[in-house]
Every structure is written in structure tokens, then in C-alpha cells.
Amino acid sequence: MSDNATASTAAPTTDATKKVLRLDNVVKRFGDNVVLDHVSFDISQHEVVALLGPSGSGKSTLMKCVNMLERVNDGQIWLGDTDITDPRVNQDKVRRRIGVVFQQFNLFPHMTVLNNVTLAARKVFKWDRDKAEEKAMGLLKRIGMDQKAREYPDRLSGGQQQRVAICRALMGDPELLLLDEVTSALDPMLVGEVLEMVSELKDQGATILMATHEMSFAHRAADRIVLLRRGKIAENGTPADVMDNATDPETRAFFHSYDS
Ligand code: ADP
Ligand code: MG
């Protein structure tokens with residue numbers, strides 16, 4: 001992935017006939033607090049969707065529902081052909097099809113980079129050590145981190161740690177990658193290298209749902225912007241339509257608040 005290794009290959013184009021994720025009237029409440037209020041949208045194969053919205057608008061909750069860390073109160077979520085909101089669904093099988101990276105605390109401090117990346121593959125997928133390490137080293141090499149495989153996370157910068165966490169999420173070749181504010185805890189200097197990695201994954205055809213406050217990155221890298229506001233989808237369209245040409249005053253005010 002480093003050094004323009006993929007620069008000459010065209011990114012796979014979005015296949016609108018293949019829906020990787022589909023939310024259909026999803027409702028999620030915490031007590032009286034309706035966090036997701038009949039939310040519907042879908043993500044096609046190879047599509048990168050930026051999930052935007054003010055703090056507390058439900059971005060993380062939505063991702064947790066997709067990853068089955070939270071149960072929805074109503075509506076359906078489909079991962080490919082699987083209704084993951086069906087109570088009979090096998091949660092472990094669903095989780096194996098999704099790669100997840102959060103804002104912080106992604107790596108175990110007492111384990112080497114290599115063990116962090118291989119742990120889930122060995123424990124959950126039951127891969128043997130050789131297979132897991134071969135895959136992990138290949139992923140680390142692509143981001144120029146194979147030399148750090150035997151280091152502990154505290155020897156790495158925050159940006160390197162997040163890139164390692166993304167490698168771990170890629171171990172099982174997930175159908176969908178969920179990135180929840182993966183650069184929010186980083187020093188501004190380290191944000192770029194992580195976003196660069198996300199761009200490269202997009203170029204390689206990954207299907208990504210990412211919550212972010214990096215507006216210029218969302219504009220550049222996302223195929224589509226989904227904007228959450230008070231539990232509802234306020235906007236769902238191209239970056240140009242939603243970020244540059246929105247007519248809704250609240251939408252315009254939201255993006256203006258990020259202008260410096
Ligand atoms: P965002 O990621 O967009 O900042 P969140 O999904 O974290 O928003 O939170 C949306 C709303 O849901 C907030 O009002 C938050 O307080 C509430 N919330 C999130 N998780 C829980 C929980 N486990 N219990 C109760 N309320 C929660
Ligand atoms: Mg959040």
C-alpha cells in the first residue's frame with residue numbers, strides 16, 4: 001500500500017446492484033432518548049460513505065448497531081443477504097464479516113504489534129499461527145510497518161497504532177469496514193498518515209462506513225455523505241451536493257461551523 005504501489009491501478013467502481021449494508025427504518029432508543037429515528041440508507045460494494053453529524057447525533061450508536069454491540073428497537077439492518085436484526089442470527093458470524101476500528105484504545109499494550117494483529121484471527125477464525133502471521137506481515141508490509149512487528153504499541157506513534165489497528169480489522173478480508181472517528185484522538189500531525197491509508201483502502205476497493213469530523217477528507221474521499229441530525233438522516237448525497245450546494249439552512253450552518 002505504501003509508495004504508490006497501487007497508483008497505477010484504477011479503483012474498482014461502485015457496484016450499485018450489490019448492497020453490502022442496508023438500514024431500513026432503524027430505530028434505536030436509550031430510555032426516552034430516541035437516538036436513531038427511522039434511519040434508512042444503504043452502502044454499495046466498493047463505496048465509501050462518510051457518516052457526519054454533530055457530537056451526540058448517533059454516529060457511534062449506528063455503527064454499534066451494525067456491529068451488533070447494540071440491538072435496534074425497530075427496523076432492519078441487512079449485511080448482504082443477512083438480516084442481522086433477526087434474533088436468530090449468529091452474532092459471531094456477522095462480526096467476522098465486518099472490520100471495526102474505533103477512536104482509541106484499539107491495541108493491547110502488553111502484546112506486540114504482530115500479536116495484536118493476529119490475535120482475533122487465531123482465536124476467532126481459528127487460523128494457525130503461521131497463516132495468521134503471514135497474512136498480518138503482508139498487511140503490515142503494505143503500510144511499511146513490517147519492521148515494527150515485534151515492537152510493543154507504546155513504541156509507535158498514535159498514527160502508527162491506528163494504522164496497525166486498521167490492519168487488524170482487515171485480517172479476515174471484511175465485506176465492510178467501520179471506522180469510527182479513527183483520527184479524532186490523534187495529534188494533528190499524525191492524522192494525515194491514517195487518512196492516507198483509508199484512501200488507499202478505497203482505491204483497493206474496500207467498502208467503508210466512516211464517522212469523521214475531517215471534513216476536507218470526507219469531501220475528497222467519500223463517494224457519499226450521510227448527515228445525521230436529531231436522529232434522522234438530514235442529507236444523503238454526493239459531497240458536492242451535501243457539502244457545497246446544500247439548500248437546507250441547518251446543513252449549511254453545520255458545514256460552516258467547520259470552516260476556519
Ligand atoms: P455520536 O457518535 O454521533 O457522537 P453517540 O452515538 O455516541 O453519538 O450518542 C448518541 C446519543 O446516544 C447521545 O445522546 C448519547 O448520550 C446516547 N447514548 C449513547 N450510548 C448510550 C448508552 N449506552 N446508554 C445511554 N445513552 C447512550
Ligand atoms: Mg461517536
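Taking V198, V48, V94 in turn, the Gaussian network model of the chain (Cα-Cα springs below 10 Å) assigns the largest fluctuation to V94. Only helices enter the 222 nm calculation for the chain: every DSSP H run of n ≥ 4 contributes -39,500 (n - 2.57), and dividing by all residues gives -9500 deg cm²/dmol, rounded to 500.
With 0.36 nm allotted per residue and the present C-alpha distance subtracted, the D83-N25 stretch has 19.6 nm of extension available. For q = 0.12, 0.14, 0.22 Å⁻¹, what log10 I(q)/I(0) does region 134-260 give under the Debye formula with an equal point scatterer on each alpha carbon and no solvent? Results for region 134-260 at q = 0.12, 0.14, 0.22 Å⁻¹ read -0.52, -0.68, -1.33. Rounded to the nearest 20, the Cβ-based charge dipole of region 19-259 about its Cα centre (Lys and Arg +1, Asp and Glu -1) stands at 880 debye. Placing dummy labels 7 Å off each Cα toward the beta-carbon, the span from N33 to D173 is 4.0 nm.
Per-residue extension of 0.36 nm, minus the Cα-Cα distance of Q91 and D248, leaves a gain of 52.6 nm for this segment. When only Cα pairs below 8 angstrom with a gap of at least 6 residues are kept, the chain shows a relative contact order of 26 percent.
Annotation: Cα Rg of the chain relative to the compact-globule expectation 2.2 N^0.38 Å equals 1.00. Full extension of the chain between R71 and Y258 yields a length gain of 64.1 nm, computed as 0.36 nm times the residue separation minus the alpha carbon distance.
A short reminder: the numbers here are calculations on the coordinates, not readings from a lab. Predicted model, so just to flag it, every value in this text is computed and none were measured. Counting neighbours? That spans all protein chains shown, and the Cβs are built from the backbone with ideal geometry, glycine included.
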